[in-house]
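Data first, discussion second: the structure below is written as structure tokens.
Derivation of every value follows stated rules applied to the coordinates shown; laboratory data play no part. Being a predicted model, the structure only gives us computed values, none of them experimental. In this analysis, Cβ positions are derived from the backbone assuming ideal geometry, glycine residues included, and neighbour counts consider all displayed protein chains.
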Amino acid sequence: MNHTTTNSTPDLTAVDTIRARARKHIEEGAVTEGYAGDVKAAIKVLNEALATEIVCVLRYRNHHFVAKGIHSQSVAQEFLEHSNEEQGHADQIATRIVQLGGTPNLNPEGLSQRSHAQYVEVKTLPEMIKENLIAERIAIDTYREMIAYFSAFDPTTRRLLEGILAVEEEHAEDLASLLQ
């Protein structure tokens, strides 16, 4: 890193102050005094995202197994890939919840009520593709709102959600192309 000397000092907290704050409440892990958000509200929002991802995992997985028809093999494989990626998102979100001092809510009771996406049972391949595309579009809008919410106080969660959003947009594009 190139350090240059200037007459102005950046407005940064003194190292001694940062060190003293780090020693306080160490049981809170990653949540320091500098976390400007409401931790309980952040965990609630993330648990809703977690529920959404789990519902998507289950829907995609179901569609993978029950898909039938002339093009079902390749589409079923796409459903399986999406399911696996959604599971990865769920794992990332659960990890972040723990980092914030919360507990991931993996209780199946109430899962569909906590989820933004729905688990809709359908029979035909085109209906499966449409339902998954609808769920991806819900996730895209939800993650955009969550990113805006976390932008003000939690850059780590914001970046996590931005990465997930990018994958959800890819899923939506994949599914939209399957409908054509």
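Odds and ends about this structure:
- Residue-averaged [θ]222 nm for the chain, counting only DSSP H segments that reach four residues, each worth -39500 (n - 2.57): -23000 deg cm²/dmol
- When you work out D = kT/(6 pi eta Rh) for segment 130-180 at 20 °C and 1.002 mPa s, using the Kirkwood radius from C-alpha pairs as Rh and the Stokes-Einstein form, the result is 190 µm²/s.
- Note that segment 108-150 shows a convex hull volume over its alpha carbon atoms of 69 Å³ per residue.
- Degrees between helix 39-66 axis and first principal axis of the chain (Cα, 0 to 90, nearest 10): 20 degrees
- Helix axis angle, 155-179 relative to the chain longest principal axis, alpha carbon, degrees: 20 degrees
- Gain in span if fully extended, Asp16 to Lys68, counting 0.36 nm per residue against the direct Cα distance: 12.2 nm
- Pairwise Cα separations in the chain fall into 5 Å bins from 0 onward with the following percentages, short to long: 1, 8, 15, 17, 14, 12, 9, 7, 5, 4, 3, 2, 1, 0, 0.
- Nearest-ten-degree value, helix 125-151 long axis tilted from longest Cα axis of the chain: 10 degrees
- Cross-link partners of Lys68 among aspartates and glutamates (Cα-Cα below 13 Å; sequence separation of 8 or more within a chain): Glu127
- Measuring gaps between exposed loop sites in the chain (trypsin sites (Lys or Arg not before Pro); DSSP loop; at most 16 other Cβ atoms within 10 Å), the longest gap, sites not included, is 124-180.
- Between Val98 and Ala166, the distance separating the two model label sites (each 7 Å from Cα on the Cα→Cβ line) works out to 2.5 nm.
- Using 0.36 nm per residue and subtracting the Cα-Cα separation, the extra length available between Leu106 and Tyr119 on full extension is 3.1 nm.
- In percent, rounded to a whole number, the relative contact order of segment 72-178 is 26, using alpha-carbon pairs under 8 Å and six or more apart.
- For segment 89-180, chymotrypsin sites (Phe, Trp or Tyr not before Pro) meeting the loop criterion (DSSP other than H, G, I, E, B) and having at most 15 other Cβ atoms within 10 Å: Tyr119, Phe153.
- Contact order, relative form, for the chain: 25 percent (alpha carbon pairs under 8 Å, 6 or more residues apart, mean separation divided by residue count).
- Part-to-part distance (alpha-carbon centres) for segment 76-141 and segment 147-180, which is given in Å: 13 Å
- Across the chain, the longest piece that holds none of the GluC sites (Glu not before Pro) lying in DSSP loops with up to 16 other C-beta atoms within 10 Å covers 34-108.
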